[in-house]
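A.B. asks: Sending over a structure as structure tokens; questions will come in a sec.
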Amino acid sequence: MRRRRASDPEIRRRQYAATKAWIVANRDHWNAYQRARPNRAEYSAWSMAKQRCGNPRHPRFADWGGRGIRVCDEWLHDFPAFLAHIGPRPGPEFSLDRIDNDGDYEPGNVRWATRVEQRRNRRLNRTKVLFVEV
């Protein structure tokens with residue numbers, strides 16, 4: 001049997017219908033995405049935080065949602081509220097960081113931080129105190 005190319009009008013119609021059905025079924029997500037287009041990096045950070053905390057099939061769920069970390073109710077379905085609180089990302093080297101690693105994604109506990117700042121703010125970092133006899 002001959003393999004059809006995506007340029008075939010029938011296949012394009014099916015792809016369009018499937019995409020339109022997804023948009024209708026996920027209207028809230030799609031509308032938030034459309035509003036966030038100028039803020040793609042911020043939207044991606046918000047969306048991935050929700051995935052890590054709320055999707056048990058996410059590969060790193062155990063490190064966030066499995067530990068009880070959540071996205072606050074105010075931000076869960078409202079990207080503009082998230083963006084209004086945290087503001088635009090200062091530069092490409094910044095990413096979303098929680099100040100208290102055992103706290104939720106909520107106002108007062110979220111900031112934009114560099115890799116160096118995030119490396120210092122890890123669960124695994126412990127201060128070692130050495131006693132030396134003189």
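Bear in mind these aren't lab numbers, they're just calculated from the coordinates by the rules spelled out. None of these values were measured; they are calculated from a predicted model. Heads up, the Cβs are rebuilt from the backbone with ideal geometry, glycines too, and the neighbour counts pull from every protein chain shown.
A.B. asks: When N counts the residues of region 40-120, how does its alpha-carbon radius of gyration compare numerically with 2.2 N^0.38 Å, as a ratio?
C.D. replies: Here the answer is 1.02, to two decimals.
A.B. asks: Which of His77, Ser95, Val110 sits farthest toward the positive end of the charge dipole of region 40-120, with +1 on the Cβ of Lys and Arg and -1 on the Cβ of Asp and Glu?
C.D. replies: Highest projection toward the positive end goes to Ser95.
A.B. asks: Given a cut-off of under 8 Å on Cα pairs at least six residues apart, what relative contact order in percent is computed for region 40-120?
C.D. replies: Normalised by residue count, the contact order of region 40-120 is 25 percent.
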